[in-house]
Amino acid sequence: MNICLFRKEDFSKDDFTHGVLSLKDERAKHIIKILHKNVGDEFSAGVIGSKAGKAVITAISEEGISFDFRPESDGKELYPLDLIIGFPRPIQLKRLFRDVASLGVRSVHLTATELGEKSYLESNIVKDGGAQRMLLDGTAQAASTHVPALFVHNSLVECLSVLAEKSDSLKIALDNVGAEKSLIALFPAIQSAASVTAAIGSERGWSENERRILESAGYARCSMGTRVLRTETAATTAMSLILGAMGFLG
């Protein structure tokens, strides 16, 4: 945990200057047992979706860890990259959410696909808060305060209709079947794009119908070589290449 992320309810005042963490809170345990912090010590902290800075411990009692928060910056803003991801295995999602958040993409749109396993949609990882916890883990790993937005869609058509308003976005669909261009060949267009939307299929890839849907919606199909990658591997690789081409990893 490279930054302790506070929620608004952790503060006693609306100005987010003073708060208390219960000793049973995992963050409090980390501060005391891992960071070995005591009264008067400071540690990196931030408010989810808001400021980043330092927290100073003012007291440790049965009530919990009392702290004062001193904001220093607006936090690390998310990058203008939106991901469409065909719903993968739930165990892959946990790792993927961490990578998505740590790399700083703006939003993730999980979608059912025609060739994807329908039972994955029944996973409770989003409903029970597991997805949000993984996104927060990735955000803390990156020492950021801004968490990617998460959306779930029942079909690719539904997903694309929601994203249709992002008209200034360069649209890319990763596909290792029949794509005429490589992702690297699109680097010049990516470098000049204000934002990018990248679509990655589920384990069995896109159906022919979905390929037509993506192309009709303006998505350029491109590949990352001839190897067949896991959804999480393809997504992480694509994110890294695209963000690098956009100049955010320099």
When only C-alpha pairs under 8 Å and at least 6 residues apart count, what is the relative contact order of the chain, in percent? 19 percent
Want the number for GLU62 to SER167: 0.36 nm per residue separation, take away the alpha-carbon distance, what's left? 32.4 nm
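At R0 = 41 Å, how high is the FRET efficiency between ARG133 and GLU180 if r is their beta carbon distance? Nearest 0.05 is fine.
0.55
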Calculate, for segment 1-109, the solvent-accessible area per residue in square angstrom, rolling a 1.4 angstrom probe over the heavy atoms of the protein chains. 50 Å²
Using only alpha carbon pairs under 8 Å that are at least six residues apart, calculate the relative contact order of segment 61-116 and give it in whole percent. 45 percent
Under a cut-off of 19 Å between alpha-carbon atoms, report the aspartates and glutamates in cross-link reach of LYS166, not counting same-chain residues fewer than 8 places apart. GLU77, ASP82, GLU158, GLU215
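Please report the antiparallel percentage of DSSP beta bridges with both residues in segment 1-122, rounded to the nearest 5.
70 percent
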Given the options THR113, THR17, THR197, state which has the largest fluctuation in a GNM of the chain using a 10 Å cut-off (strictly under) for Cα springs. THR17
For a quick check, take a GNM of the chain with Cα springs below 10 Å and name the residue from ILE85, ILE60, ILE190 with the largest mean-square fluctuation. ILE60
When ligands, DNA and RNA are left out and all protein chains stay put, how many square angstrom of accessible area per residue does segment 208-247 have with a 1.4 Å probe? 49 Å²
Okay, which of segment 182-197 sit inside 13 Å, backbone N to the point 7 Å along the Cα-Cβ direction of PHE151? 197
Restricting to lysines and to Cα separations under 20 Å from LYS118, and discarding same-chain partners fewer than 8 apart, the set is LYS94, LYS127
If you build a Gaussian network model of the chain, linking Cα atoms that sit under 10 Å apart, which residue out of ARG221, ARG106, ARG212 swings the most? ARG212
What net charge do the residues around LEU83 carry, taking every other residue with its C-beta under 13 Å from that of LEU83, with Lys and Arg at +1 and Asp and Glu at -1? 0
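For ALA199, what charge total do you get from the other residues with a beta carbon under 12 Å from its beta carbon, if Lys and Arg give +1 and Asp and Glu give -1?
It works out to a net charge of -1.
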PRE reach from LYS8 (point 7 Å along Cα→Cβ): which of segment 116-147 fall under 16 Å by backbone N? 146-147
Can you tell me the alpha carbon radius of gyration of segment 117-201 divided by the globular rule-of-thumb value 2.2 N^0.38 Å? 1.34
Whole-percent carbon and sulfur contribution to the accessible surface of the chain (1.4 Å, no ligands, DNA or RNA) stands at 50 percent
Between (i) 0.98; (ii) 1.05; (iii) 1.11, the structure-derived Rg/Rh (Cα atoms, Kirkwood Rh) is (ii)
Here FRET efficiency (C-beta to C-beta, ARG95 to ASP74, R₀ 30 Å, nearest 0.05) is 0.60
Filtered GluC sites (Glu not before Pro), segment 3-82: DSSP coil and at most 12 other beta carbons within 10 Å: GLU62, GLU63, GLU77
Excluding same-chain residues fewer than 8 positions from LYS13, which lysines have a Cα within less than 28 Å of its Cα? LYS24, LYS29, LYS33, LYS37, LYS51, LYS54, LYS76
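The values are calculated or read from the model by the stated rules, or taken from the named source; none is laboratory data. Predicted model, so just to flag it, every value in this text is computed and none were measured. Neighbour counts are summed over all protein chains in view; Cβ atoms, including those assigned to glycine, are modelled from backbone coordinates with ideal geometry. In case anyone asks, the SASA skips ligands and DNA or RNA and just uses the protein heavy atoms, side chains included. Shrake-Rupley method; radii C 1.70, N 1.55, O 1.52, S 1.80 Å.
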